[in-house]
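The values are calculated or read from the model by the stated rules, or taken from the named source; none is laboratory data. Note that the structure is a prediction, hence the values are computed from the model and not measured. Note that we place each Cβ from the backbone using ideal geometry, even for glycine, and neighbour counts take in every protein chain shown. Heads up: the accessible areas ignore ligands, DNA and RNA and are worked out on the full protein's heavy atoms, side chains in. Shrake-Rupley method; radii C 1.70, N 1.55, O 1.52, S 1.80 Å.
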Amino acid sequence: MSAAARRARPARPSVTDSRTSWLRPLAVTAVGALFAVPLYVVLADTFKPGPDIAPSPASLPTHPTLGNLTAVMDRPDHLFWVSLTNSLLITTLSVTGLTVLSAMLGHYLARTNSRWGRAATLVLLSGLMIPPQVILLPITHVLRVFHLMATVQGLVLFNIGYYVPFGVFVFAGFVRTIPVEMEEAAAIDGASAFTVFWRIVFPLLRPATASAVIFFGVWIWNDFLDPLVILGPGDGTTVTTGIYRAIGQYQADYGTVFGLMFLATLPVLILYLALQKHFVRGLTSGATKG
Amino acid sequence: MATSPTVDGGVRTARPEQAPRVRPAAGPGRSRRAHAALARFGLFGAPGLLVYGCFVLAPVALSFWYSLTDDNPFRPHTRFVGLDNYRTLLTDQEFLTSLRVTTVLTAILVIVPNAAGLGIALLLNRKGWFYRAWRGVFFVPVVLSSVVVSIVWTRLLADDGVVNQALGRAGIGAVGWLSDPSLALYSLAGIMAWQMLGFCVVVYLAGLQSVPEELYEAAAIDGANAAGRFRHVTWPLLAPALTINTVVLLISAFKAYDHIQVITAGGPGSGTTATVAFLTLQTGFIANHQGYACAMAVLMLLIVATASAVVMRLLQRREVDL
């Protein structure tokens with residue numbers, strides 16, 4: 001449909017008088033521009049020479065430079081590269097583990113009709129509202145018992161445990177919308193439960209998988225508190241805790257801080273711009289499907 | 001932000017049409033089926049439940065247990081102290097302040113993004129690239145890290161920051177957005193509201209787009225003006241969106257930590273922006289009173305559970321009453 005045709009057919013019966021119809025785009029632009037000021041400041045300051053940032057943070061970058069970005073990448077302590085590697089590793093491992101475990105568990109619980117299955121579902125769903133602060137203190141004790149404190153594996157396992165309820169919520173809800181007959185037919189043909197799930201069910205869950213992967217990915221990439229506590233003050237730095245440390249060490253050097261923030265956000269931002277529809281659906285999934 | 005268990009599909013497991021079609025046979029067939037069911041549980045159910053049990057359920061139980069002790073990593077012997085920690089909490093000025101701070105923060109964070117999000121969603125509820133693009137802009141802070149958002153806003157609201165520079169040009173004196181103890185909490189709440197706004201916008205937009213057009217036409221034919229159409233058609237049909245936004249905002253307000261840690265570290269002054277969640281971690285990890293911190297954590301869990309149950313009950317009743 002061409003743009004002109006779309007305009008000709010309004011989404012709603014025209015509520016506003018045609019004489020005031022220019023008001024809506026104007027209001028949207030005004031509110032949106034005000035809302036976006038902080039986003040503009042990050043962008044402008046990232047490409048501004050360090051000394052220009054503090055006196056006039058909101059000015060246009062009249063002498064644009066990539067100096068902040070190269071300075072961050074060339075730091076002698078490799079803070080950026082260490083953080084990036086850790087964040088990539090933790091996010092990839094956690095998201096993969098979470099997707100596999102919660103798809104299997106969600107499917108299992110959605111297809112189980114026993115009293116125990118229903119009880120397990122309820123216990124899992126109550127985990128959706130547990131604030132991390134309630135469990136972080138004892139978690140450090142649990143991880144010490146397994147010798148996993150201050151390790152990437154410990155953080156990954158914690159992430160999986162903490163986000164499994166959300167994954168089950170998304171996958172179980174989706175499984176209930178697909179008919180069980182196909183699975184039954186495959187089982188009668190002699191396929192094992194394992195084959196049925198990975199060959200037949202999992203490919204059908206693709207929309208739920210996309211939502212879950214984006215949700216897990218964004219939350220774990222941006223997570224601050226859990227890596228701060230579990231990885232501890234050693235060299236276990238993720239992009240978020242790395243930025244936090246940089247503002248402590250280089251209080252005055254805003255060039256470095258903004259460069260680091262920009263680079264740490266870039267992967268998420270590029271994916272967001274490319275897959276906007278999926279991001280919006282993924283991050284509000286469970287909410288909008290109701 | 002955890003998504004709420006509000007959506008009814010999540011909790012329901014029983015499906016009448018899934019009742020067993022084959023009557024269970026007696027004898028060896030039955031035990032083979034029991035074996036298969038056990039194998040299926042071991043393969044598909046157990047791994048996820050095991051990790052959840054170890055890293056969520058066990059710590060919750062441990063929190064209850066520690067809250068009855070005087071656990072402190074620097075004391076060799078941990079004693080069982082019964083409800084002493086809870087008794088101390090009720091008269092602990094620091095804790096009572098944190099309850100007040102949490103209440104104020106929660107109230108602002110539930111009301112502001114909900115109201116502003118609805119207004120913006122109504123503005124954006126049109127087709128075309130222009131409105132889609134702006135929706136995309138409003139959603140950007142949702143995908144940003146709270147640490148990044150906190151640092152940017154700290155710069156904007158600093159005593160010599162962008163906002164005060166602009167106010168200065170307008171002839172208004174500098175405001176201590178983050179340095180004035182009576183103002184910092186509101187600035188903090190505003191920053192968090194800014195980050196959550198896009199979420200509410202998107203949920204309300206989805207709600208608005210699910211309103212059948214016929215209802216608007218019917219209301220228009222009945223002579224309803226714009227305000228009447230909103231009150232009698234749009235608003236009641238947005239009830240599920242309101243429930244979702246309120247519960248999500250409520251839970252994120254209770255677990256707010258990152259912004260407080262980065263922006264104010266609980267200050268300025270003593271505990272003017274320290275929420276219960278923040279104080280719990282300070283007490284546990286900085287002051288090392290772990291037993292006492294666990295008592296705070298347990299109280300926090302009870303408050304969150306009660307508040308979300310009450311809000312869901314109230315708002316979902318509205319949905320049913322339509």
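Okay, here's what the table says:
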item: Conditions (1) at pLDDT below 90; (2) open to solvent by 40 Å² or more (accessible area, probe 1.4 Å); (3) within 12 Å of residue A:42 (Cβ to Cβ): number failed by residue B:155; result: (2)
item: Any hit, the stretch B:100-121, residues being over 23 Å from the mean Cα position of the chain (by Cα) and without any contact (Cβ under 8 Å) to a residue 60 or more places away in the chain; result: no
item: Conditions (1) buried (at least 20 other Cβ atoms within 10 Å of the Cβ); (2) touching a helix residue (DSSP H, G or I) at 6+ places or on another chain (Cβ under 7 Å); number of the one not met by residue A:112; result: (2)
item: Subset tally (residues that are more than 7 Å from every other protein chain (Cβ to nearest Cβ) and within 14 Å of residue A:162 (Cβ to Cβ)) for the stretch A:114-135; result: 1
item: Candidates B:72, B:85 - the one that is outside any helix (DSSP H, G or I), out of contact with any Pro (no Cβ under 7 Å at 6 or more places or on another chain) and open to solvent by less than 50 Å² (accessible area, probe 1.4 Å); result: B:72
item: Hits in the stretch B:31-49 - residues which are more than 9 Å from every other protein chain (Cβ to nearest Cβ) and either among the aromatic types (Phe, Trp, Tyr) or loosely packed, with under 13 Cβ neighbours inside 10 Å (or both); result: B:31, B:32, B:34, B:35, B:38, B:42
item: Pairs where the first residue, in the stretch A:100-117, is within 20 Å of residue A:184 (Cβ to Cβ) and the second is open to solvent by 10 Å² or more (accessible area, probe 1.4 Å) and polar (S, T, N, Q), C-beta under 6 Å, 6+ apart; result: A:113/B:18
item: Test set (1) open to solvent by less than 30 Å² (accessible area, probe 1.4 Å); (2) at the interface with another protein chain (Cβ under 10 Å from one of its Cβ atoms) - residue B:260 fails condition number; result: (2)
item: Test set (1) open to solvent by 20 Å² or more (accessible area, probe 1.4 Å); (2) without any contact (Cβ under 8 Å) to a residue 60 or more places away in the chain; (3) more than 30 Å from residue A:46 (Cβ to Cβ) - residue A:150 fails condition number; result: (2)
item: Number of the condition not met by residue A:78 [criteria: (1) under 26 Å from residue B:308 (Cβ atoms); (2) more than 10 Å from every other protein chain (Cβ to nearest Cβ); (3) free of Cβ contacts under 8 Å to residues at least 40 places away in the same chain]; result: (1)
item: Which listed residue, of B:178, B:238, B:185, B:215, is more than 10 Å from chain A (Cβ to nearest Cβ) and either hydroxyl-bearing (Ser, Thr, Tyr) or surrounded by fewer than 16 Cβ atoms within 10 Å (Cβ to Cβ) (or both); result: B:215
item: Residue that is nearest to residue B:79 (Cα to Cα) [pool: residues in the stretch B:267-318 that are of a type outside the set (A, V, I, L, M, F, W, C) and within 9 Å of chain A (Cβ to nearest Cβ)]; result: B:290
item: Residue match in the stretch A:162-173 (condition: among the hydroxyl-bearing types (Ser, Thr, Tyr), touching a residue at least 40 places away in the same chain (Cβ under 8 Å) and open to solvent by 20 Å² or more (accessible area, probe 1.4 Å)); result: yes
item: Where residue B:192 falls short, out of the listed (1) within 11 Å of another protein chain (Cβ to nearest Cβ); (2) surrounded by 20 or more Cβ atoms within 10 Å (Cβ to Cβ); (3) within 26 Å of residue A:275 (Cβ to Cβ); (4) in contact with a Leu (Cβ under 9 Å, 6 or more places away or on another chain); result: (1)
item: Subset of the stretch A:137-166 [under 18 Å from residue A:222 (Cα atoms) and either within 7 Å of another protein chain (Cβ to nearest Cβ) or within 18 Å of the chain's Cα centre (by Cα) (or both)]; result: A:155, A:156, A:157, A:158, A:159, A:160, A:161, A:162, A:163, A:164, A:166
item: Candidates B:143, B:148, B:162 - the one that is buried (at least 18 other Cβ atoms within 10 Å of the Cβ), facing another protein chain (nearest Cβ under 8 Å) and within 19 Å of residue A:59 (Cβ to Cβ); result: B:162
item: Any hit, the stretch B:249-259, residues being of a type in the set (Asp, Glu) and more than 26 Å from the chain's Cα centre (by Cα); result: no
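Every residue, every condition in (1) within 14 Å of chain B (Cβ to nearest Cβ); (2) under 26 Å from residue B:146 (Cβ atoms); (3) at pLDDT below 85; (4) in a helix (DSSP H, G or I), yes or no:
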| site | (1), (2), (3), (4) |
| --- | --- |
| A:43 | yes, yes, no, yes |
| A:61 | no, yes, yes, no |
| A:98 | yes, yes, no, yes |
| A:106 | yes, no, no, yes |
| A:112 | yes, no, no, no |
